[in-house]
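Just below is one structure, and these are the notes that go with it.
Derivation of every value follows stated rules applied to the coordinates shown; laboratory data play no part. For clarity, every value in this text was computed on a predicted model and none was experimentally measured. Ideal geometry is used to build each Cβ from the backbone, glycine not excepted, and the neighbour counts take in all protein chains shown.
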Amino acid sequence: MIDNIELAVETLLKPAGIELEALDKPLSQLAKNKIDLGEIFIQKSEHESFSLEESKVKNASFSIEQGVGIRAVNQDKTGFAYSDNINIDSILASANAAGSILRTSKSQQQKIISSTPAESLYPNTNPLSSIENTAKIELLLALDTKARQQDSKITQVFTNLSSTFETVLILASDGTLAADIRPLVRLGVTVIAEKNGKKEQGSASLGGRYSLTDLLKKDPNSLAIEAVRQALVNLEARPAPAGVMDVVLGSGWPGVLLHEAVGHGLEADFNRKQTSVFSNSMGEQVTSPLCTIVDDGAMTNRRGSLQIDDEGNPGTHTVLIEKGILKNYMQDKLNANLMGANCTGNGRRESYAYLPMPRMTNTFMLPGKSSQEEMIKKIKKGIFAVNFSGGQVDITSGKFVFSTSECYYVENGKIQYPVKDATLIGNGPEVMQRVAMVGNDLQLDPGIGVCGKEGQSVPVGVGQPSILIKDMVVGGTQT
Amino acid sequence: MSDFVKHEYLQEIAETIIKRARQKGADQAATSLGRSEGVSINVRQQALETFEHIQNQSASIQIYLNHKKALVSTSDFSLSAIDQALDAAFNIAQYTAADPDFYLVEKEHLAFNYPQLPLDFNNDASHQSLIDTAIECESAALNYDAKISNSDGASIDSSRATMVYANSHGFNGHNNTSRNALSCSVIAGKGANMQQDYHYTFARDPEKLESAATIGKIAAKRTIDKLDARAVKTGNYPIIFSADIAGGLFRSFFSAVSGSALYKNLSFLPDSLDTKIFPEFIHLSEVPHLASGMASTPFDGEGVKTKNRTWVESGIVKSYVLNSYTGRKLGLTTTGNAGGIHNLLVETSSASLQELQKNMGRGLYITSLMGNGINGVTGDYSQGASGFWVDGGQIQYPVDEITIAGNLKQMYQNIIQIANDVDLRHNIQTGSILLEGMTISGDK
């Protein structure tokens, strides 16, 4: 079996005529300054996208991005420089620039030590070439046909297939030598349904870290059926209720609740700086005891998974909250060092041109004992939300929002009718204390999550079983 | 000026790309190249936290072949990388479907005599003095009031960029810009009752930045004003969107009248040309060559002349926002807006923000929005919000953990007045906006 370090060296260093050992020199250059950590991060990424509209695949794009990012860290101070050129002179110049802002001290020769390869979570082959381009076009056309066949009220169909192939190589003064080769694919459908002058949309997507051959085996046509179903439901939607009420959330993608309500607030940088509402809460009861919430980067084929994070630490199953008690923050090297904690494999960056920081991988709640049916029966007047668009959080005040994209009004324990999109708002720790029931139906999202933080986007996963939360503010128009 | 952002080199590369594309068989081709260089500095608790050297470049190339097209991007400007990118473009193009409207904008629309806009200024401040400015800014915030308990820090960014666009009609134009920004974010309160807020200044000319002390003090005041926020009873109230966030209302409008949303039938304002969408005192116009504008540009993303234009007059939609392709799909001509609108000015009343609040009497003054609960297809609007409760025309106390909901079509008709406190730091420059009839969800 070829190991990923060999493959990364082949892809990233060989074309530039650089030997792996030659990177000792820029690491030593960094070490001339007063540093806890000097790091070289080399990356190449290929991305391809095909899009269909008006029943034709008219838009296609392809891009290549590559470069080197060099970091010098001293306690909580970081010097950073990067270059789009992978060659030894640029790397040395960047090392010079990155380290220059920190005070100089004794020089130490850095030796690169190989680290143990992490568990294999996804194939190291390029998804862009895993099926023929003609097959990609056929897939998009088939989805279009399927969607239009479902119902004559469907007037527009948009489909998109995108694939990314990324190679990273990481060397650092703490002995890190690691590489990762990451596939990522995503297939999506959006439809517009019209009736009596009303127009609504429905969407469905799936994806993950696997090849397009694997994607074809996951019943992609079901996406067309699901998108149409959603659009037709939304056509019948009435104004959503406004006010404070009980909410049942469906399983899977509604886990964006956790991403916003607790996820960001448990990233170590905010807690080290004590700017998070969860700062100084280690060991305390922060949610209902029914909740155990984890962040797991070590799941096979998942969009949010990482064999190694962008600092070379293996993707890890980390228990964030156990039966309501706060157990761990998500750490990267810089924050773990300052907090005296262990790294949890959450050091991520959008690319070589950005600094890493603590980010989520796949964040979800473990299943409980109740059924979704039981939960709905408990609602006197409230909503049952099965799909969401996205969310946002202020980690200092703890306020978070997430917006429904498929939702039903419930009265006296029965689903009455679908309602229009509404934003739900709450205070993370307070809302999570009001989780009254946790379902037995854990699902992860179908592979569609994008997380933004400080201008950097990374792919993530979310998930949960069905949940009943008491007293959430629902932003409808019907008072 | 550093050699890295000199436009002549990029214009040469652009020329080479167009030539190579034609040599390889493209009917037409276009390319956009960019380079930027600068620094991004964060300080926190009065010490340097991060120092980033910025230097990047990218090129994107669009080829047209028998009314099929493909787009490729690369960050490598070497001839071999450009050839590889072009080969990839030709490869994927052959699999796509042709569209009779896929071809370059007609030559007569191109801005061959584009103006040189004064958007690029040197900043010769040393790295240390930039760090000192950020530290001074944070210090002003930390010392503003004892209630300031923590800091997210202050940031200072300074960079210069050059952008080039060229196509096979012989157009090859450039635009040099600089950007300088100073911001500060602090925290007040403790434990479960913490609030954070920020303030910032932006300018192309570093001399035009607001002072570090001013930014720090305003950041601190905004933060303290949020402490001890309460919820509001669920109900219908008039609201004022503060000038800082009010532009979002018009941003949704411009998305809805963009050619892209219209031809795809994804707009909540279909067939809105010459119809009255807003009250008659609403006038929206675009001024793309404004020297102080956030989004000034001498030509659009297709090299088309940018010019002053009225989008809405007396509440009536006068034009859609179009590029060459979306124009063709609608049987219309490009408006020179490939890439968006450029410096949108909203006409205001002569009322100050205080007068607007007096006029409202009793309602909410919203200063911050959360989430993306805006449905562009239906106009349905539902956002998380925070701000202040107003009664007797005066701010009474801060409010948060509420949502505001309605439908944009109705909200536009419900605009009552716009104050003269225009926020110049946005592409869409507007004063605070008073509108009625929003549903607020808060306390029971």
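Ordered by residue, what ³J(HN,Hα) values in Hz, to whole numbers, does region A:265-277 give under the Karplus form 6.51 cos²θ - 1.76 cosθ + 1.60, where θ = phi - 60° and Gly and Pro are x?
x, 9, 6, 4, 4, 5, 7, 4, 7, 6, 9, 8, 5
In whole Å, what three semi-axes, largest first, describe the equivalent ellipsoid of chain B built from its Cα gyration tensor (square root of 5 times each eigenvalue)?
Numbers: eigenvalues 336, 185, 68 Å².
The equivalent ellipsoid of chain B has semi-axes of 41, 30, 18 Å.
Be a star and scan region B:286-301 for residues whose amide nitrogen sits under 18 Å from the point 7 Å along the Cα-to-Cβ vector of B:Thr333.
Answer for region B:286-301: B:299-301.
Would you please state which residues of region B:361-375 a label at B:Ser352 would reach in this model, taking the label point 7 Å out along Cα→Cβ and a backbone N cut-off of under 17 Å?
Under cut-off, by backbone N: B:361.
So what's the angle, to the nearest 10 degrees on a 0 to 90 scale, between helix B:127-142 and the longest Cα principal axis of chain B?
In chain B, helix B:127-142 runs at an angle near 30 degrees to the longest axis.
Residues with amide H under 5 Å of B:Thr234's amide H, sequence separation 5 or more or different chain, H placed in the peptide plane at 1.01 Å from N; which?
Answer set, sorted by chain and number: B:Gly442, B:Asp443.
Determine which lysines satisfy two conditions relative to A:Lys217: a Cα distance under 27 Å, and not lying fewer than 8 residues away in the same chain.
Candidates past the 8-residue exclusion: A:Lys56, A:Lys58, A:Lys136, A:Lys146.
Given charges of +1 on the Cβ of Lys and Arg and -1 on the Cβ of Asp and Glu, with all other atoms neutral, how large is the dipole of chain A about its Cα centre, in debye to the nearest 20? Let's see the in-between values first.
On the way: 47 positive and 54 negative charges, 216 e Å.
That gives chain A a dipole magnitude of about 1040 debye.
Holding the Cα-Cα limit at 24 Å, pick out from A:Lys34/B:Lys6; A:Lys195/A:Lys420; A:Lys14/A:Lys34; A:Lys273/A:Lys399; A:Lys327/A:Lys399 the pairs that are longer than that.
Values: A:Lys34/B:Lys6 35 Å; A:Lys195/A:Lys420 16 Å; A:Lys14/A:Lys34 31 Å; A:Lys273/A:Lys399 18 Å; A:Lys327/A:Lys399 22 Å.
Checking Cα-Cα distances, A:Lys34/B:Lys6; A:Lys14/A:Lys34 exceed 24 Å.
Under the definition of partner shielding as Cβ atoms of other protein chains within 10 Å of a residue Cβ, what is the mean value for peptide A:400-407? Please report the intermediate quantities before stating the final value.
Details: counts 4, 11, 4, 10, 2, 2, 0, 0.
Going residue by residue through A:400-407 and averaging, the value is 4.
For chain A, what is the mean residue ellipticity at 222 nm derived from helices alone (per DSSP H run of n ≥ 4: -39500 (n - 2.57); sum divided by total residues; nearest 500 deg cm²/dmol)? Before the final figure, lay out the partial values.
Values: 10 runs with 87 residues, N = 479.
Roughly -5000 deg cm²/dmol at 222 nm, from the helical runs in chain A.
Stretch A:Asn221-A:Glu138 to full length: gain in nm at 0.36 nm per residue minus the Cα-Cα span? Provide the component values of the computation, followed by the final result.
On the way: separation 83, 0.36 × 83 = 29.88 nm, distance 1.18 nm.
Full extension of this stretch gives 28.7 nm more.
Select from B:Phe268, A:Met365, A:Gln416 the residue farthest towards the positive end of the dipole of the protein assembly as shown; place +1 on Cβ of Lys and Arg, -1 on Cβ of Asp and Glu, and compute about the Cα centre.
A:Gln416
Pick out, from B:Val346, B:Ser368, B:Ser292, the residue whose Cα sits farthest towards the positive end of the charge dipole of region B:219-371, with +1 on the Cβ of Lys and Arg and -1 on the Cβ of Asp and Glu.
Most positive-ward Cα: B:Ser368.
Starting at the first residue of region B:363-368, write each ³J(HN,Hα) from the Karplus equation 6.51 cos²θ - 1.76 cosθ + 1.60 with θ = phi - 60°, in whole Hz, x for Gly and Pro.
With coefficients 6.51, -1.76 and 1.60, one gets x, 10, 9, 8, 10, 8 Hz.
Which aspartates and glutamates have a Cα less than 19 Å from the Cα of B:Lys307, not counting those fewer than 8 places away in the same chain?
B:Glu106, B:Glu108, B:Glu286, B:Glu347
Report, in debye and to the nearest 20, how large the dipole of the protein assembly as shown comes out about its Cα centre when Lys and Arg carry +1 and Asp and Glu carry -1 on their Cβ.
In total the dipole reaches around 1460 debye.
What number, rounded to the nearest 500 deg cm²/dmol, is the helix-based mean residue ellipticity at 222 nm of chain B, given -39500 (n - 2.57) per DSSP H run of at least four residues and division by all its residues?
-7000 deg cm²/dmol
Would region A:244-350 count as rounded, prolate or oblate if I go by the C-alpha gyration tensor, calling it rounded below 1.5 in a/c and otherwise prolate when a/b exceeds b/c, oblate otherwise? Before the final figure, lay out each step's value.
Values: a/c = 1.96, a/b = 1.23, b/c = 1.59.
Note, shape of region A:244-350 comes out oblate.
From the phi of every residue in region A:396-405, what ³J(HN,Hα) in whole Hz does the Karplus formula 6.51 cos²θ - 1.76 cosθ + 1.60 yield, where θ is phi - 60° and glycine or proline is x?
7, 7, x, 6, 9, 10, 8, 10, 6, 10
Starting from the Cα gyration tensor of region B:1-65, take the square roots of the eigenvalues, sort them a ≥ b ≥ c, and report rounded, prolate or oblate (rounded when a/c is under 1.5, otherwise prolate if a/b is larger than b/c, else oblate).
Numbers: a/c = 6.47, a/b = 2.98, b/c = 2.17.
Prolate, because a/c is 1.5 or more and a/b exceeds b/c.
Quick check on region B:276-345: what are the equivalent-ellipsoid semi-axes from the Cα gyration tensor, as sqrt(5λ), descending, whole Å? Write down the numbers at each step before the final one.
Numbers: eigenvalues 82, 62, 10 Å².
Working through the eigenvalues yields semi-axes of 20, 18, 7 Å.
Looking at this model, which pairs from B:Lys107/B:Lys329; B:Lys107/B:Lys276; B:Lys68/B:Lys264; B:Lys147/B:Lys217 are more than 23 angstrom apart at the alpha-carbon?
On the way: B:Lys107/B:Lys329 19 Å; B:Lys107/B:Lys276 34 Å; B:Lys68/B:Lys264 19 Å; B:Lys147/B:Lys217 13 Å.
Cα-Cα > 23 Å for B:Lys107/B:Lys276; rest within.
Here is the link list: A:Lys198/B:Lys69; A:Lys218/A:Lys377; B:Lys19/B:Lys318; A:Lys323/B:Lys233; A:Lys44/B:Lys19. Which ones come out longer than 29 Å on Cα distance? Intermediate values should be presented prior to the final figure.
Working: A:Lys198/B:Lys69 34 Å; A:Lys218/A:Lys377 33 Å; B:Lys19/B:Lys318 40 Å; A:Lys323/B:Lys233 33 Å; A:Lys44/B:Lys19 27 Å.
The answer is A:Lys198/B:Lys69; A:Lys218/A:Lys377; B:Lys19/B:Lys318; A:Lys323/B:Lys233.
Starting from the Cα-Cα distance between B:Ser292 and B:Lys147, subtract it from 0.36 nm times their residue separation and give me the gain in nm to one decimal. Working shown, then result.
On the way: separation 145, 0.36 × 145 = 52.20 nm, distance 3.60 nm.
Once the chain is fully extended between B:Ser292 and B:Lys147, it gains 48.6 nm.
Would you list which aspartates and glutamates come within 16 Å of A:Lys199, measuring only between C-alpha atoms, while excluding same-chain residues fewer than 8 positions from it?
A:Asp151, A:Glu236, A:Glu406, A:Asp421, B:Asp271, B:Asp380
Which whole number gives the average, over all residues in B:292-304, of C-beta atoms from other chains lying within 10 Å of the residue C-beta?
Mean shielding count: 0.
Just to verify a number: FRET efficiency for B:Thr310 and B:Asn420, C-beta to C-beta distance, R0 = 30 Å, to 0.05? Please report the intermediate quantities before stating the final value.
On the way: r = 20 Å, r/R0 = 0.67.
It comes out at approximately 0.90.
State which stretch of chain A is the longest one without any exposed GluC sites (Glu not before Pro), exposure meaning a DSSP loop state and at most 11 other Cβ atoms within 10 Å.
Working: sites that count: A:Glu19, A:Glu119, A:Glu132, A:Glu284, A:Glu454.
For GluC sites (Glu not before Pro) (loop position, at most 11 other Cβ atoms within 10 Å), the longest site-free span of chain A is A:285-453.
Answer rounded, prolate or oblate for the protein assembly as shown, using the Cα gyration tensor with square roots of eigenvalues a ≥ b ≥ c: rounded when a/c is under 1.5, else prolate when a/b is larger than b/c, else oblate. It would help to have the intermediate numbers written out before the result.
On the way: a/c = 1.19, a/b = 1.09, b/c = 1.09.
Because its axes are fairly even, with a/c under 1.5, the protein assembly as shown counts as rounded.
Quick check of the Kirkwood formula: for region A:39-93, what is the inverse mean of 1/r over all pairs of different Cα atoms, in Å? Walk me through the intermediate numbers first.
Working: mean 1/r = 0.0718 Å⁻¹.
Across region A:39-93, the inverse of the average 1/r is 13.9 Å.
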